[in-house]
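Everything below concerns the one structure shown next.
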Amino acid sequence: MQILWSPSALKRFALLLILLAPAIFAACAPGGSQSTFDSAGPVAEDQKNIFLFIFWIAVIVFVVVEAALIYSILRFRQTRADSELPNQTHGNFKLEIAWTIAPVFILIAIAVPTVTLIFDQDKGPVDGRVPENPLEINAIAHQWWFEFEYPGQDVITANELHIPIDRAVRVSLESDDVIHSFWVPKLAGKLDMVPGQTNVMFIQADSADTFLGQCAEFCGEAHAKMRFRVVSHEPDDFEAWLDSMRRAPAPIVDNPAAVAGRTVFAQNCSSCHSSRTYVPEVAQAERETQLGRQTIFKKAVTRDDEGIKTRDGDIVNLISAPNLTHLAVRRTFAAGIIELTEENLIKWISNPDDIKQGNWMKDLAPIYNDPALELSGEEINQLAAYLMTLKPGPEQAAAVVEVDPVDQGREVFLNNGCSGCHSTGGDRVIGPGLSGLSARSSADEIRQSITDPGAIVTTGFDDGIMPGNFGSVISVQELNALIQYLQTLE
Ligand code: HEC
Ligand code: HEC
Ligand SMILES: [Cu+2]
């Protein structure tokens, strides 16, 4: 210690601090993309103003106190002529009253506008006025990504929140696992996302722009890589975005890799990732589907060479996961940390840990734990090619082109993970091979096998393996097409 804090070491330390100061203060630069000083909406603006008000009061207090201190040090310092202690006084009634009362007034001056603003912002984003037509959003935090639901609109997305400008957005914050925090510095201060409790906050954007947001509460290994984007649009563009999210992707043409990738996806990815919430019924069932996945995940207790397991030793291979509907129109993925390109998707699927250490996909997806299921390089390329086709197709009007129901049925079969358990030939996979189905079952029996699999259980197979929710996630029209397709399997 002696050596470390010698006067010359102290001097060097001070010099180091001075040299580092610009780097430290750079964090306060108003131009930063997450700077609270560069507010972009009324909520953040009011919060910034109250901060600046308190800041300037603090500056005045600082200057007054330091000035008194420096004055006293200089004016009353000991000189050579002083050989005795100065007059000792105990207490100065007037001074003591003054420095007790002054802080009380300062605190009142700070508390009144602060508390008023807290109550005001609870009601609405502008002057405490209750907004007439706020946009309702549910934001649900997961380890380590964000789910965004537009209640009543049948739209759900992940990691990219789209909002209209100049309109109040009422965000209900929830969490599916641990405590997270929702923070878009340019739009509003942060608020915790707590499991089992809904916190509500308003945001509002002044201009069409993209704002960076992030989780601001330590929530586990990949917390630092849990980000999101808020994209604000002119009102018409926002409605167009909502509509586009409800349109099916265009059929894949002239892209054999993507067609193959769709089957690989159905077999290896669709258990955790929804990709069809453009169908209203699927969107309405999505939250429940996610909670179902999460229920399985919450049974996880141990980990060994084979993977993560329940108390009974069953492998856990499900968890709520980002909705990939129209993934290809997003700018980033893996919760806002990497640009969305085909190359980066290949990197992600090859080893998600290379991009985001700690993510649950790597730990739980069977393709990384069961050597028999490992994907080939070609399959990974096909998956990426397929994911890049996931974007809204042409407007409904243009899409009224007649589709062959058998073709549509084949799509429904591939898109719903049926092919993960059923071959279209005679082979038994997890469920029976479906060739010759029409010879053994009527259309109504097939319908019942799909919508209520427990009702008639095929001999030689266990009940309760085929998911029971297809009746709610496949629309009536799609179901008819699916049955027509299954009847063609010879
Ligand atoms: C066990 C469940 C599970 C399976 C199976 C699974 N994933 Fe994931 N996936 C996740 C989770 C959880 C995340 C979120 C990771 C994060 O950001 O922390 C994710 C993230 C992603 C993302 C980024 C999405 C976004 O919005 O940021 C893509 C793309 C993706 N997975 C593709 C796939 C593909 C392709 C497959 C099949 C080969 C697959 N996943 C299989 C759980 C799974
Ligand atoms: C997780 C695996 C799994 C998935 C996914 C799955 N099934 Fe099944 N399916 C089974 C099992 C197991 C059986 C046999 C037990 C039974 O009848 O419930 C079965 C039975 C059937 C039968 C009756 C077969 C017969 O020979 O009589 C039909 C038809 C069927 N499934 C269609 C579908 C369709 C269509 C889908 C996709 C929408 C689908 N299944 C998704 C596992 C699955
Ligand atoms: Cu978090």
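Given the condition more than 7 Å from ligand 2 (Cβ to nearest atom) and under 15 Å from Ile483 (Cβ atoms), answer yes or no: does some residue in segment 415-423 qualify?
No; the residues of segment 415-423 include none that is more than 7 Å from ligand 2 (Cβ to nearest atom) and under 15 Å from Ile483 (Cβ atoms).
Under 9 Å by Cβ, and 6 or more places apart or on different chains, what pairs join a residue from segment 40-60 that is acidic (Asp, Glu) with one that is part of a helix (DSSP H, G or I)?
Partner pairs satisfying both residue conditions: Asp46/Leu117; Asp46/Asp120; Asp46/Gln121.
Within segment 151-159, can one find any residue that is closer than 22 Å to Ser274 by Cα, out of contact with any Phe, Trp or Tyr (no Cβ under 8 Å at 6 or more places or on another chain), of a type in the set (S, T, N, Q) and away from ligand 2 (no atom under 16 Å from the Cβ)?
Yes, the conditions are met somewhere in segment 151-159.
Mind telling me which of the residues Phe218, Phe148 ends up being within 16 Å of ligand 1 (Cβ to nearest atom), under 25 Å from Met361 (Cα atoms) and within 13 Å of the chain's Cα centre (by Cα)?
From the options Phe218, Phe148, the qualifying one is Phe148.
Determine whether Ile106 is on the phi < 0 side of the Ramachandran plot and in contact with an Asp or Glu (Cβ under 8 Å, 6 or more places away or on another chain).
When the stated conditions are applied, Ile106 does not pass them.
From the set of residues in segment 62-94 that are surrounded by 10 or more Cβ atoms within 10 Å (Cβ to Cβ) and among the charged types (D, E, K, R), which is farthest from Ile106 (Cα to Cα)?
Across segment 62-94, the extreme among qualifying residues is Asp82.
May I ask you to verify whether Ser442 is within 20 Å of Leu414 (Cβ to Cβ) and small (Gly, Ala, Ser)?
no
What's the number of the only condition in (1) within 28 Å of Pro371 (Cβ to Cβ); (2) in contact with a helix residue (DSSP H, G or I) (Cβ under 9 Å, 6 or more places away or on another chain); (3) not hydrophobic (A, V, I, L, M, F, W, C) that Arg293 fails to meet?
Here Arg293 meets the rest and fails (2).
Do we have any residue at all in segment 365-384 that's under 29 Å from Met245 (Cα atoms), of a type in the set (D, E, K, R) and either more than 10 Å from ligand 1 (Cβ to nearest atom) or over 26 Å from the mean Cα position of the chain (by Cα) (or both)?
Yes, segment 365-384 contains a residue that is under 29 Å from Met245 (Cα atoms), of a type in the set (D, E, K, R) and either more than 10 Å from ligand 1 (Cβ to nearest atom) or over 26 Å from the mean Cα position of the chain (by Cα) (or both).
Could you identify the single residue in Ala321, Ala328 that is within 20 Å of Leu383 (Cβ to Cβ) and surrounded by fewer than 20 Cβ atoms within 10 Å (Cβ to Cβ)?
Matching residue, one of Ala321, Ala328: Ala328.
Out of segment 208-236, which residues are over 27 Å from Gly128 (Cα atoms) and in a strand (DSSP E or B)?
Arg227, Phe228
Using beta carbons and a limit of 9 Å, which pairs, at least six apart or on different chains, have the first residue in segment 151-180 and closer than 16 Å to His223 by Cα and the second one among the aliphatic types (A, V, I, L, M) and not in a strand (DSSP E or B)?
From segment 151-180, the pairs are Asn159/Ala334; Asn159/Ala335; Asp176/Leu291; His180/Ala216; His180/Met226.
Could you tell me which of the residues Ile57, Ile3, Ile18 is farther than 22 Å from Pro113 by Cβ, modelled with pLDDT of 90 or more and out of contact with any Gly (no Cβ under 9 Å at 6 or more places or on another chain)?
Ile18
Check every one of the helices (runs of 4 or more DSSP H) wholly within segment 398-490 and list those with 3 or more residues that are touching a residue at least 40 places away in the same chain (Cβ under 8 Å).
Hits in segment 398-490: 405-415, 470-473, 476-487.
For (1) touching a strand residue (DSSP E or B) at 6+ places or on another chain (Cβ under 8 Å); (2) closer than 26 Å to Arg247 by Cβ; (3) more than 16 Å from ligand 3 (Cβ to nearest atom), each residue gets a yes or a no:
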residue: Val169; (1), (2), (3): yes, yes, yes
residue: Trp183; (1), (2), (3): yes, no, no
residue: Gly189; (1), (2), (3): yes, no, yes
residue: Ile203; (1), (2), (3): yes, no, yes
residue: Asp209; (1), (2), (3): yes, yes, yes
residue: Gly213; (1), (2), (3): yes, no, no
residue: Ala216; (1), (2), (3): yes, no, no
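Among Ile108, Ile137, which is the only one that is among the aliphatic types (A, V, I, L, M) and more than 22 Å from the chain's Cα centre (by Cα)?
After applying the criteria, what remains is Ile108.
Any idea which residue in segment 1-55 is surrounded by the fewest Cβ atoms within 10 Å (Cβ to Cβ), counting only those that are touching a Leu at 6+ places or on another chain (Cβ under 8 Å) and part of a helix (DSSP H, G or I)?
Checking each candidate, the answer is Ile50.
Which of the residues spanning segment 123-145 are of a type outside the set (Val, Ile, Thr) and within 30 Å of Asp363 (Cα to Cα)?
Of everything in segment 123-145, those that are of a type outside the set (Val, Ile, Thr) and within 30 Å of Asp363 (Cα to Cα) turn out to be Asn138, Ala139, Ala141, His142, Gln143, Trp144, Trp145.
Within segment 465-475, is there a residue that is in contact with a Phe, Trp or Tyr (Cβ under 9 Å, 6 or more places away or on another chain), among the aromatic types (Phe, Trp, Tyr) and closer than 23 Å to Ser271 by Cα? Break it down stepwise before answering.
We begin by selecting, within segment 465-475, every residue in contact with a Phe, Trp or Tyr (Cβ under 9 Å, 6 or more places away or on another chain); these are none.
No; the residues of segment 465-475 include none that is in contact with a Phe, Trp or Tyr (Cβ under 9 Å, 6 or more places away or on another chain), among the aromatic types (Phe, Trp, Tyr) and closer than 23 Å to Ser271 by Cα.
Among the numbered criteria (1) surrounded by fewer than 19 Cβ atoms within 10 Å (Cβ to Cβ); (2) more than 30 Å from Gln487 (Cβ to Cβ), which one does Trp360 miss?
In the conditions (1) surrounded by fewer than 19 Cβ atoms within 10 Å (Cβ to Cβ); (2) more than 30 Å from Gln487 (Cβ to Cβ), Trp360 misses (1) alone.
Here is a list: Leu387, Leu375, Leu318. Which entry is within 16 Å of ligand 2 (Cβ to nearest atom) and either hydroxyl-bearing (Ser, Thr, Tyr) or at negative phi (or both)?
Numbers: Leu387 fails: within 16 Å of ligand 2 (Cβ to nearest atom); Leu375 fails: within 16 Å of ligand 2 (Cβ to nearest atom).
Leu318 is the lone residue from the list that is within 16 Å of ligand 2 (Cβ to nearest atom) and either hydroxyl-bearing (Ser, Thr, Tyr) or at negative phi (or both).
The values are calculated or read from the model by the stated rules, or taken from the named source; none is laboratory data. Bear in mind that the values here come from a model prediction, so they are computed numbers and not experimental data. Methodologically, a virtual Cβ is constructed for each residue, glycine included, from the backbone with ideal geometry; neighbour enumeration extends over all protein chains shown.
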